[in-house]
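These notes concern the structure reproduced below.
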Amino acid sequence: MTFDDLNNEDEEMMSLESPGAYPIINDDQTPLEFDESTPLPILTLRNAVLFPGVIIPIAVGREVSRKLIEDVKKGDGILGAVMQKKVNIDDPGFDDLHKYGTMAVILKVFEMPDNSITVVLQGKNRFELQQMVTSKPYLTAIVKKSEEKVPNAREFEALAGSIKDTALSLLKNAGDFKNELTFAIKNIEDKRFLINFVASSSNLKPDEKQTLLNASKYKDRALALLEYLNKEVQLSQLKNDIQGKVKTDIDRQQREFFLNQQIKTLQDELGGDPNQKEVEEMKQKAKTKKWNSETKEVFEKELKRLRRMNPMAPDYSIQLNYLGTLLDLPWNEYTKDNSDLKRAEKTLDKDHYGLEKVKERIMEHLAVLKLKNDMKSPIICLYGPPGVGKTSLGKSIATALNRKYVRMSLGGLHDESEIRGHRKTYIGAMPGRIIQNIKKAGSSNPVFILDEIDKLNKNIHGDPESALLEVLDPEQNSTFHDNFLEIDFDLSKVMFIATANTINEIHPALLDRMELIEVSGYLLEEKIEIAKQHLIPKQIENHGLTKSHLQFSKEVLSFIIEHYTRESGVRSLDKTLTQVIRKIALKIAKSDEYNVKITKEDIITYLGQTRFNPERYTYHEMPGVVTGLAWTAAGGEILFIETAISKGTGKLTMTGNLGDVMKESAVLALEYLKSHAEILNLPPETIEQWNVHIHIPEGAIPKDGPSAGITMVTSLASALKKQAVKTNLAMTGEITLRGKVLPVGGIKEKILAARRAGIKEIILSKENEKDLLEIKQNYITGLKFHFVSNIEEVLSIALV
């Protein structure tokens, strides 16, 4: 920069008499005497540095600064002027200011036509900020006088002379104020003031001026200023050389360039070339991208190719679309993960009730991420029945992690190009949905939901499951290749969460790449809490009601869940509650009377007669009737197994819509009793004289599984011995031909079903004892458990 630019400086370079001129000359270097223990009002400057001895006007716009000027003017007229570190801070604090400033006196205050004020300051002492005293109504601080050391007289005089000569040589090509500045510099006698005046008048950046003020030795300040002035002299000479070289005859090539520039100027006058504008905008946007050298090289190559193309050519739009996609993708742009584990845990608990395993896994990932920032994101698959909150859980995870959220539905997807994209040589080509969603997210580390991954289809167009293998492999997805981009994109920081209803339909290789977490169905107690904490408040808000308009008790919610829904999740429950709230909203709108505290009778009025009737335990004195426990997609249930015997040839009949595995359990049970008839104190041939009929009620519902083994053995033994089974007892467990009792699944749901049905005692396999640890203690209070290893133990407990 040179002195010819000085007339474009900020307002602090205007003189008192002539706005637009330079600091007023004043050789008065007399320092102010002040008490260092007295707080000094601090005027914060945005883009100005005040040097000792220099007089400059400052345009005051902030209310805080106006108040300060008014108060100081009424007092002794002394303040401290300090530049703030960042220009964009409107209300700077003590820590936002530079360490060194200048004590100044107010010479004059002007009221400007736009109601702002301009204050004329003269710098006096250089000081160092020590401690803030007050921040309101404006900053005041304790300052320490910082004496500026003057070097050896001969050396200092030589330095000052060099600065004066260099400044005057620069002023030869200065602008409008050349004469005034030349006169000013020639007539300054005080060497210290000369340095401060030239530094203040130069075109140095504010931070560079502050660096000069920070120098405690005049020698250091003078050397730094001289170095800057010498650079400006060299730059001025270089400009002159260049101007001399270009004053040559224009050859043919230059003439063409000149004519092209004229054509471009005409186009600009007519609104400019839109295609050229678009290219230039792309070029400017590319400077802000954080891509690697390979991507940058590809972009620049393709941009040059676009420049050469005719805008009317068919490939032009494809090329433009390709470059636009490259620019829109968030290359190496990441959102900062939330490291507050308690807040994340609170967010997860707020949005979803239960689901402890999933929440625990997310919290583990957050904990590791907090300790090791460059960890690869896990690839999780949440599987379970519909309506349990798998998809919505992904959104909560994104909120807890403070990441962007995108969702991609894979249901019915059958084309590989939907994942990998089309090659850009095709008309209408576009990137795959993975890259499209990353672009939509605007960051390279979103939470990415792959919904319904078990419903992918394979046909002649390709196998999308195989295409997902690269996406979901942590060792490969750092270099994911999209056919449209033709450049590798890093997906390793993306947290992929797949959802599925069943994992049986998922490709084994794809299954192997994911961390499986089962999201089982909700228990009745959990559904009640979900309804109270989430579903009812949401629907009350959606229907324009308030909590005072209606109240659901736990008994009423339990009644709705058991008699109007049959599901693992809460989707049907949400619809049913919505139906009830709509009825109430109608009554409120019509000003009809209704019960605020909703009763079971009200539910029947609003929803009609009950749709489902849950099994309740009823004692049967008749031998052969035993209560079993079953797992269904809608949760646990109790079921009754009935056995009747009649004179015959030992024929076994089974009814009740039983599956093959359950039929095999019945055959096993009968054969075991035949081979161990002594347990029942019956001769083996006696069993052969009876026909056996096993029936499980509700024949319209298919039933299968091995967990009814011990129930069938007990039912057969009870019927053959004509001995009733113990009251309030239920059981579940698989049997072997040797009489062993094996563990079964769904223990949590089965125990809760037994408790709801009024069961007091439950027989389980000894190996299922560990499953009780996963159940909350208040759910199993009042139940007595018998853990058995063989059938003999079962019969000794069950038969009275």
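The values are calculated or read from the model by the stated rules, or taken from the named source; none is laboratory data. Remember, predicted model here, so these are calculated numbers, not experimental data. So basically every Cβ, Gly included, is an ideal-geometry build from the backbone, and we count neighbours across all protein chains shown. Ligands, DNA and RNA are stripped out before the accessible areas are found, and what is left, the full protein with its side chains, is counted by its heavy atoms. Shrake-Rupley method; radii C 1.70, N 1.55, O 1.52, S 1.80 Å.
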Please list, ordered by first then second residue, the pairs with beta carbon atoms under 8 Å, 6 or more apart or interchain, first in region 198-211 and small (Gly, Ala, Ser), second surrounded by fewer than 20 Cβ atoms within 10 Å (Cβ to Cβ) and outside any helix (DSSP H, G or I). SER202/MET1
Of the residues in region 542-559, those that are in contact with a helix residue (DSSP H, G or I) (Cβ under 6 Å, 6 or more places away or on another chain) and under 25 Å from THR391 (Cβ atoms) come to HIS543, LEU557
Selection from region 503-533 of residues that are touching a residue at least 12 places away in the same chain (Cβ under 8 Å) and of a type in the set (D, E, K, R): GLU505, ARG513, GLU515, GLU518, GLU525, GLU526, LYS527, GLU529, LYS532
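From the set of residues in region 38-64 that are of a type outside the set (A, V, I, L, M, F, W, C) and under 12 Å from THR140 (Cα atoms), which is surrounded by the most Cβ atoms within 10 Å (Cβ to Cβ)? Let's see the steps before the verdict.
As a first pass, look at region 38-64 and keep what is of a type outside the set (A, V, I, L, M, F, W, C): 38-39, 41, 44, 46-47, 52-53, 57, 61-63.
Filter once more, keeping what is under 12 Å from THR140 (Cα atoms): 38-39, 41, 44.
Values: THR38: 11, PRO39: 16, PRO41: 19, THR44: 23.
By that ranking, first place goes to THR44.
Quick one: would you say LEU523 is open to solvent by less than 50 Å² (accessible area, probe 1.4 Å) and more than 32 Å from the chain's Cα centre (by Cα)?
Judged against the criteria, LEU523 is not a match.
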Can you confirm whether VAL82 is of a type in the set (A, V, I, L, M, F, W, C), modelled with pLDDT of 80 or more and open to solvent by less than 10 Å² (accessible area, probe 1.4 Å)? yes
Out of (1) without any contact (Cβ under 8 Å) to a residue 60 or more places away in the chain; (2) under 23 Å from the mean Cα position of the chain (by Cα), the one TYR426 does not meet is (2)
If you scan region 655-664, which residues turn out to be part of a strand (DSSP E or B) and farther than 10 Å from LYS703 by Cβ? THR655
Residues located in region 562-591, provided they are modelled with pLDDT of 85 or more, of a type in the set (A, V, I, L, M, F, W, C) and closer than 17 Å to GLU526 by Cα: LEU573, LEU577
Among the residues of region 646-679 satisfying the criterion of being in contact (Cβ under 8 Å) with a residue 24 or more places away in the chain and basic (Lys, Arg), which is most open to solvent (accessible area, probe 1.4 Å)? LYS647
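Looking only at region 742-752, decide whether some residue is open to solvent by 30 Å² or more (accessible area, probe 1.4 Å), within 48 Å of the chain's Cα centre (by Cα) and acidic (Asp, Glu). Steps first, answer last, please.
Residues of region 742-752 that are open to solvent by 30 Å² or more (accessible area, probe 1.4 Å), as a first pass: 742-743, 745, 748.
Filter again for within 48 Å of the chain's Cα centre (by Cα), leaving 742-743, 745, 748.
Next, only the ones that are acidic (Asp, Glu) stay: none.
No, the conditions are met nowhere in region 742-752.
Which one is modelled with the lowest pLDDT, of the residues in region 294-309 that are assigned to a helix (DSSP H, G or I) and farther than 12 Å from MET282 by Cβ? Even if it seems obvious, please write down each step before you answer.
Here is the first cut: in region 294-309, the residues assigned to a helix (DSSP H, G or I) are 294-308.
With farther than 12 Å from MET282 by Cβ added as a condition, the list becomes 294-298, 301, 305, 308.
Numbers: GLU294: 83, THR295: 82, LYS296: 83, GLU297: 84, VAL298: 83, LYS301: 84, ARG305: 82, ARG308: 77.
Filtering first and then ranking leaves ARG308.
Here are some residues: LEU369, LEU348, LEU393, LEU323. Which one is farther than 30 Å from GLU525 by Cα, modelled with pLDDT of 80 or more, surrounded by 15 or more Cβ atoms within 10 Å (Cβ to Cβ) and of a type outside the set (Gly, Ala, Ser)? Quick ask: steps written out before the conclusion?
Values: LEU369 fails: modelled with pLDDT of 80 or more; LEU348 fails: farther than 30 Å from GLU525 by Cα; LEU393 fails: farther than 30 Å from GLU525 by Cα.
Selected residue: LEU323, the only one of LEU369, LEU348, LEU393, LEU323 that is farther than 30 Å from GLU525 by Cα, modelled with pLDDT of 80 or more, surrounded by 15 or more Cβ atoms within 10 Å (Cβ to Cβ) and of a type outside the set (Gly, Ala, Ser).
Please enumerate the residues belonging to region 399-419 that are part of a helix (DSSP H, G or I), touching a residue at least 60 places away in the same chain (Cβ under 8 Å) and under 30 Å from ARG343 (Cβ atoms).
To start, the set of residues in region 399-419 that are part of a helix (DSSP H, G or I) comprises 399-401, 417-419.
Still in the list and also touching a residue at least 60 places away in the same chain (Cβ under 8 Å): 400-401, 417.
Once the filter is applied, which keeps residues that are part of a helix (DSSP H, G or I), touching a residue at least 60 places away in the same chain (Cβ under 8 Å) and under 30 Å from ARG343 (Cβ atoms), region 399-419 yields ALA400, LEU401.
Within region 762-800, which residues are assigned to a strand (DSSP E or B), in contact with a Lys or Arg (Cβ under 8 Å, 6 or more places away or on another chain) and open to solvent by 30 Å² or more (accessible area, probe 1.4 Å)?
Residues of region 762-800 that are assigned to a strand (DSSP E or B), as a first pass: 762-765, 784-788, 790, 799.
Next, only the ones that are in contact with a Lys or Arg (Cβ under 8 Å, 6 or more places away or on another chain) stay: 762, 784, 787-788, 790, 799.
Correct list: LYS784, PHE787, ASN790.
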Which of the residues belonging to region 88-143 are in a strand (DSSP E or B), surrounded by 19 or more Cβ atoms within 10 Å (Cβ to Cβ) and among the aromatic types (Phe, Trp, Tyr)? TYR100, PHE127
From the options LYS296, LYS336, residue that is open to solvent by 70 Å² or more (accessible area, probe 1.4 Å), within 25 Å of the chain's Cα centre (by Cα) and either farther than 30 Å from PRO537 by Cα or among the β-branched types (Val, Ile, Thr) (or both): LYS336
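Among the candidates VAL692, VAL667, single out the residue that is at pLDDT 85 or above, outside any strand (DSSP E or B) and either among the hydrophobic types (A, V, I, L, M, F, W, C) or farther than 30 Å from GLU749 by Cα (or both). Even if it seems obvious, please write down each step before you answer.
Values: VAL692 fails: outside any strand (DSSP E or B).
Result of the check over VAL692, VAL667: VAL667.
I'm checking my understanding of the structure. Among residues of region 146-156 that are more than 16 Å from ASN196 (Cβ to Cβ) and modelled with pLDDT of 80 or more, which one is most open to solvent (accessible area, probe 1.4 Å)? Explain how you work it out, then say what you get.
Here is the first cut: in region 146-156, the residues more than 16 Å from ASN196 (Cβ to Cβ) are 152-155.
Next, from what is left, pick out any that are modelled with pLDDT of 80 or more: 154-155.
Working: ARG154: 199, GLU155: 76 Å².
Checking each candidate, the answer is ARG154.
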How about region 526-578: which of its residues are open to solvent by less than 20 Å² (accessible area, probe 1.4 Å) and over 31 Å from the mean Cα position of the chain (by Cα)? LEU550, VAL556, LEU557, ILE560, ILE561, TYR564, THR565, THR576, LEU577
Looking only at region 697-740, which residues are among the basic types (Lys, Arg) and in a helix (DSSP H, G or I)? LYS721
Kindly evaluate ILE710 against the criterion of being open to solvent by less than 40 Å² (accessible area, probe 1.4 Å), in contact with a strand residue (DSSP E or B) (Cβ under 6 Å, 6 or more places away or on another chain) and either farther than 15 Å from LYS651 by Cα or of a type in the set (Asp, Glu) (or both). yes
List pairs: first residue in region 107-136 and touching a residue at least 12 places away in the same chain (Cβ under 8 Å) and under 13 Å from ALA59 (Cβ atoms), second residue outside any strand (DSSP E or B) and open to solvent by 50 Å² or more (accessible area, probe 1.4 Å) anywhere in the structure, Cβ distance under 6 angstrom, at least six positions apart or on different chains. SER116/GLY61; THR118/MET112; VAL120/LEU16
